[in-house]
1. Share of segment 417-485's accessible area from carbon and sulfur, percent, 1.4 Å?
2. What does the accessible area per residue of segment 300-395 come to in Å², with a 1.4 Å probe and no ligands, DNA or RNA counted?
3. Starting from the 7 Å offset along Cα-to-Cβ, what nm value, one decimal, do you get for the label separation of H593 and T8?
4. Charges only on Cβ, +1 for Lys and Arg, -1 for Asp and Glu: so what's the dipole of segment 564-654 about the Cα centre, in debye to the nearest 20?
5. Would you mind getting me the FRET efficiency between N324 and F519? Use the beta-carbon distance for r and R0 = 45 Å, nearest 0.05.
6. Please list 376-383, 452-459 highest first by mean number of surrounding beta-carbon atoms within 10 Å per residue.
7. What's the extension gain from R132 to A366 if we count 0.36 nm per residue and subtract their Cα-Cα distance?
8. Would you mind getting me the FRET efficiency between R61 and K202? Use the beta-carbon distance for r and R0 = 25 Å, nearest 0.05.
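The values are calculated or read from the model by the stated rules, or taken from the named source; none is laboratory data. Keep in mind that this is a model prediction, so the values were computed, not measured. We place every Cβ from the backbone using ideal geometry, glycine too, and count neighbours over all the protein chains shown. Note: accessible area is taken over every heavy atom of the protein model, side chains too, but ligands, DNA and RNA are not part of it. Shrake-Rupley method; radii C 1.70, N 1.55, O 1.52, S 1.80 Å.
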Amino acid sequence: MLVYKPITLGPLKLSNRILMGSMHTGLEEAKDGFKALARFYAERAKGGAGLIVTGGISPNRRGALKPGGARLTSRRQVKEHSLITDAVHKEGGKICLQILHGGRYCYHPFNVGPSNIKAAINRFSPRSLSTRGVRKTVRQYSECAVLAKEAGYDGIEIMGSEGYLINQFLVTATNKRTDTYGGSFENRMRFALEIIQSIREKVGKDFAIIFRLSMLDLVNEGSSWSEIEMLAKSLENHGVDAINTGIGWHEARIPTIATLVPRGGFAFVTQKLMGSVQIPLITTNRFNTIEACEEALASGCADMVSMARPFLADPEIVNKSKVNSNAVNTCIGCNQACLDHIFKNKIATCLVNPRASHEDKWPRQAKANVIKRVAVVGSGPAGLSATIEAARLGHTVTLFESNSEIGGQFNLAKSIPGKDEFNETLRYFDFMLKEFAVQVKLNTRAEIASLTDYDHIILATGVKPRNWTIPGSDSKEVVSYIDVLKGNVAVGKRVAIIGAGGIGFDVAEFLTHDETSQFLEEWGIDETLAERGGLKEPMPGKSDHHVEIFQRSEGKVGGKLGKTTGWIHRLQIKNKGVITRNCIEYQSFEEGHLTFKESGIEHRIAFDTVVVCAGQTSYAPLLDGLRAKGKSVISIGGALSASKLDAQRAIKEGLEAAYEISPWS
Ligand SMILES: Cc1cc2nc3c(=O)[nH]c(=O)nc-3n(C[C@H](O)[C@H](O)[C@H](O)COP(=O)(O)O)c2cc1C
Ligand code: SF4
């Protein structure tokens, strides 16, 4: 396989073509964070990453993304970083430091930019750097690179994409300067080239320099393709060893990494640059299997592939895939526990692998001191996680499932358009159940009597839909989301969805999805890159249904959806003509009409089908009986509480329960 073929990147000889892409985890600013980062990166080096790039670290105080954000500007910090480089080198890995100056994206009042133009996604306006300020910043980049070399890094990656400072210099949308750093493209790329030149002069030849170049800005007045090509060639001439791909500015209103982006869906951009330069090109975004990487390499899209989040989901993705890719815990592109956490100032981890960034807390090699007989009741995400973690710890585990297949709510989620990656999580759990020889009892409703022989019982019986009762809600037209998603009921043309949480939005997407719609067309991405920024008119698909979503509370409809993906779902249904209503008081559903008050004003609207997504309640029928018998019982996931339940909480509670019953060493 091409993936496993060695490659030379400047002074570095890499054993394979997979780069672990840059991810700032938040550990960079946490107490004892560098010790945790050292373990985090060491696991990934051991797991086979050909080269690792750290999360972005600023070359000065102003460039940090938040107040007190990580920077590398002193010898004291060199010591912390060498914890990382030592740990990675000990595992035979290689690691580059990413230098990232956020410019106008920095979320603090002392941020700077090429011009004082505020970003729509930041409430702080940047101060325009003086010409002296620009030169000082260039020097600080090179000083940071020197410190990185002292800390033992094998090289650096200069972050020149995603709308950060260097990218802001490159395009006229954000660069209105009249000095030698603004105006013509030659002037606008001067900042980037001076940074590279100054670094190369200081670090010498035996230190790798990668440049992350924005090849598709996805914003108005972004770079043109000829500018991108010109910059790439100039970077090569100035001593860059490899070019990594950047896709989309953070303020772009086009999904670039969410699960609805097809696997490797932006590889065509890197491919366009192949042949323009002789140094290796690295492609990126939504490569979550080694097979997808292999395909991109084989079709000449790039020389290497970057995978970022897949290394959160499974640190051993590269090594495991060499033997059996079914053993890989695959990133599903949900962003829920990684990017969403960063935007909430929490440590980035992973929905399918809560161990990520907490390698110390639940060591992978831990074994229970005493082997127990464990019963897990329910095979949704919580139950599956508890089962395989208890088995990994060495316990003898039996899994009870009343249905004919494992998966619980995942089986519903995977039927939603754009959420088919959940199939991978189920495939992984299924593989691990077999690997650990777990006894799986399908079509078996666990009874108290059948559980009394076990030392510990983990209840993961999940949730049941909350009732929605108004006059007429017992009509046959009023149906549950479960029956809709399972295809058990026919849904009419005009549909009311009761409840605007994640499930309500999922149902709206399910009903309005257009099978013929293509990702690039739907979101207005110009594959030919004929226009600046790579934008064209979006062509949202057509929907067969007229759908309205109802929310009782006042706030924005769908306002509680994921931090970094909620806007995509809201925009997607808006583009399909779905009507959203808030401040709703339901009155009745009679003679095919829903009567309700919206902000106090009465309406009566005809609907063929009303889909109830009005929340869920906890379902734990065995709990009291088992407790009465004095059994050791732990409830997890929906069985513990239906409030704020999602797969992330469920999987984490499964892991915690397994460790709770297992003093380990
Ligand atoms: C939690 C998180 C933090 C990130 N931090 C950085 C960063 O500091 N620098 C950077 O260039 N990209 C960063 N990225 C973007 C990734 O490098 C990568 O481009 C993106 O996740 C898409 O690739 P993937 O599908 O392989 O994850 C981050 C992504 C995530 C999920
Ligand atoms: S939280 Fe979701 S997107 Fe992030 S790494 Fe895990 S599976 Fe991938």
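1. On the way: 1620 of 3510 Å².
On segment 417-485, the fraction of accessible area on carbon and sulfur atoms equals 46 percent.
2. 30 Å²
3. 8.0 nm
4. Working: 12 positive and 9 negative charges, 117 e Å.
My answer is approximately 560 debye.
5. Numbers: r = 30 Å, r/R0 = 0.66.
So the FRET efficiency works out to roughly 0.90.
6. Ranked by mean Cβ neighbours within 10 Å, highest first: 376-383, 452-459.
7. Working: separation 234, 0.36 × 234 = 84.24 nm, distance 5.49 nm.
Difference between extended and current length: 78.7 nm.
8. Details: r = 21 Å, r/R0 = 0.83.
With a Förster radius of 25 Å, E is 0.75.
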